[in-house]
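Heads up, the thing below is written out as C-alpha cells.
Every read-out reported here was derived from the displayed coordinates using simple, explicitly stated rules and does not represent laboratory data. Computed from a prediction, not measured in an experiment: that's the story for all the values here. Reconstructed Cβ throughout: ideal geometry from the backbone, glycine too, with neighbour counts over all protein chains shown.
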Amino acid sequence: MADGTFVAPRSATAWDGYVAAAVCQAAEHSLTADGPVPVQLLERPS
C-alpha cells in the first residue's frame, strides 16, 4: 500500500467491514432471541 500498489482484490473493503458488523449485530441479538437471527444486509452497491 505504501508504494501505491492496488490491493483491493486481496484485502478487505468497506463492504466487508459492513458485513462483519451486521453479523456481529445478529449474533448479539441471537443471544436473547429464542433461536437464530438472520443477518440483514442492504443490497450491495455496484
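Between helix 14-30 and the chain there is an angle of about 20 degrees, using the helix long axis and the longest principal axis of the Cα atoms. Label sites at residue 42 and residue 6, each approximated as a point 7 angstrom past Cα along Cα to Cβ, lie 2.5 nm apart. As a rough footprinting exposure proxy, the listed residues 41, 31 were ranked by other beta carbons within 10 Å of their own, and the order from fewest upward is 31, 41. Computing Kirkwood radius over Cα pairs in Å directly from the structure and comparing it against (1) 11.0; (2) 12.8; (3) 11.5 singles out (2).
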